[in-house]
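Asker: Below are the structure tokens for one structure; questions will follow.
Here, each number is a calculation from the coordinates, and none is a lab measurement. This one's a predicted model, so the numbers in the text were calculated from it and none came from an experiment. So basically every Cβ, Gly included, is an ideal-geometry build from the backbone, and we count neighbours across all protein chains shown.
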């Protein structure tokens, strides 16, 4: 068993996605990791109709237990926690994909922290962390 290399993990955000046949996925409304939203100055909570999170591991091999966490700027968990899920990456050249959709997505403005933890049968563990920001659109004078 080999854990994926952190630097090779792919992380993308979008408005929505759809699973297609043949292992393909269509993603809609691609977002960067520094989003800007229009909000009145007296509001700090953003609500999006949905937020898609896509993570792909393109190396490593083995059977893992996976847990995913998304923390808001005030350190609240945004993904309901469940038992770690069993995931398998059978071939080194294959990809292991994780796609989550939060609908609606409601959180504070600021830095969000995504953590993906993989644990192998021997008790080894790897953690992959990515961040994204949601900020207020600058006002125009």
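Asker: Express the relative contact order of the chain as a whole percentage, based on alpha carbon pairs under 8 Å and six or more residues apart in sequence.
Answerer: Numbers: 303 pairs, mean separation 40.9, N = 141.
Reported as a whole number, the value is 29 percent.
Asker: Below 8 Å between Cα atoms, with a sequence gap of 6+, how large is the relative contact order for the range 81-141 in percent? Working shown, then result.
Answerer: Details: 42 pairs, mean separation 15.6, N = 61.
After rounding, I find 26 percent.
Asker: Roughly what would the spin-label model give for residue 41 and residue 83, points 7 Å off Cα along C-beta, in nm?
Answerer: 5.2 nm
Asker: For the range 6-136, go through all pairs of different Cα atoms, get the mean of 1/r, take its inverse, and jot down that Kirkwood value in Å.
Answerer: In the range 6-136 this quantity evaluates to 15.9 Å.
Asker: Could I have the simple spin-label model distance between residue 92 and residue 66, label points 7 Å from Cα toward Cβ, reported in nm to one decimal?
Answerer: My value for the distance between the label points is 2.1 nm.
Asker: Could you give the length gained on full extension between residue 28 and residue 2, defined as 0.36 nm per residue of separation minus the Cα-Cα distance, in nm?
Answerer: Fully extending the segment from residue 28 to residue 2 adds 6.1 nm.
Asker: Mind pulling up the Rg/Rh value for the range 71-126? Radius of gyration and Kirkwood radius, both on Cα.
Answerer: Details: Rg = 14.5 Å, Rh = 14.0 Å.
For the range 71-126, the value is 1.03.
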